[in-house]
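The values are calculated or read from the model by the stated rules, or taken from the named source; none is laboratory data. Not measured: the values here are computed from a predicted model. Heads up, the Cβs are rebuilt from the backbone with ideal geometry, glycines too, and the neighbour counts pull from every protein chain shown. For accessibility, only protein heavy atoms count, side chains too; no ligands or nucleic acids. Shrake-Rupley method; radii C 1.70, N 1.55, O 1.52, S 1.80 Å.
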Amino acid sequence: MNRTIRSKLVVTGTFALILFLVVTSTFAEHDYTTECGDCHSVNASYTMFSNSTGSAEVGVSFTLRINATKIMVGGTNFWLSVQSGWADNDYFTFTPEYILDNSVGDLTPANFIVTHDFTFTPLSSGNYSIKAWCSTSSSSQFIEIPINVTDVPDVTSPIIDSPSDIDYEVSSTGHNITWVPYDEHPSQFNVQVNGSVVLSGGWDGQPIVINIDYLSPGTYEYTLTVIDIGENIVFDVVLVTVTGEISTTTTETPTTTTTTTTTTTTSSPGVPGVDDKALTTATFSLIMLAMGLFVGILSIALIVSRRRMS
């Protein structure tokens, strides 16, 4: 290859490279899903601001007007973007947007200024930052907009029906009071009878049923109170009247009393009709008498014997 051709190729290649760089510098890489700082250098001369009030409520949509300005004039492609995955953007529902300078959605007709209204709806309460970026092909800038999201104050009281008063006979059963209260944010309930709490707990929006069988005759005041998360309270009263008397069943057990008189007569064998005690006494007397006679006869015999000897 001769020197002339080589020189022409070098000049042509250099011109093509310069043209490529110039052309590509006019395009912004607007469709990156990662934050623009990952692919562009941050340019301090780009400015961004919004009309944020810094506060919002869960479930209540609000609009942020975000403005991006490219101070240094040059190029034609200047983008403003808000995407999911940036900062705390996923705590909101919104439509991701890429707004090109002087295109549909740009509210400012001037060159190098992009303004757009983004609508956000908070999903939960907390302190968050919404991040937006502006960029050209080589430079970028971002803004983080602090938003304090709070729960919507609940100022609506629950709705409660009012069941009819109930009368029943004391001996009957199958009696209930059924309340069907409603609230979008239920919380607690309690049931009182004549002013004393007999049942309480968490309320999940379901009907509340209480059995009223086996009450003694009389009148009872049943009061249901329901409370929502905003501490709004409603109550309803149902009067229960029990009539009749409580039947009392008495069971008598027959009692038989038997009186037995026993007469015992003990007779000594061979001596009918003689009491044992009397017989014993007589026998003892006879023995003593016999002993007396024996001693007497013995004494007389001794006296007679002595006289003969003398």
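In table form, for the structure just shown:
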| read-out | value |
| --- | --- |
| Segment 183-225 - percent of accessible surface contributed by carbon and sulfur, probe 1.4 Å | 45 |
| Efficiency of FRET between THR95 and ASP236 - r from beta-carbon atoms, R0 45 angstrom, step 0.05 | 0.45 |
| Cα radius of gyration and Dmax for segment 170-245 (Å) | 13.7, 46 |
| Label point 7 Å beyond Cα of SER172 along Cβ direction - residues of segment 206-240 with amide nitrogen under 17 Å | 211-220, 239-240 |
| Among 299-305, 175-181, 150-156, the order from most to least packed when residues are scored by Cβ within 10 Å on average | 175-181, 150-156, 299-305 |
| Length released on extending from ASP165 to SER216, taking residue separation times 0.36 nm less the Cα-Cα span | 16.7 nm |
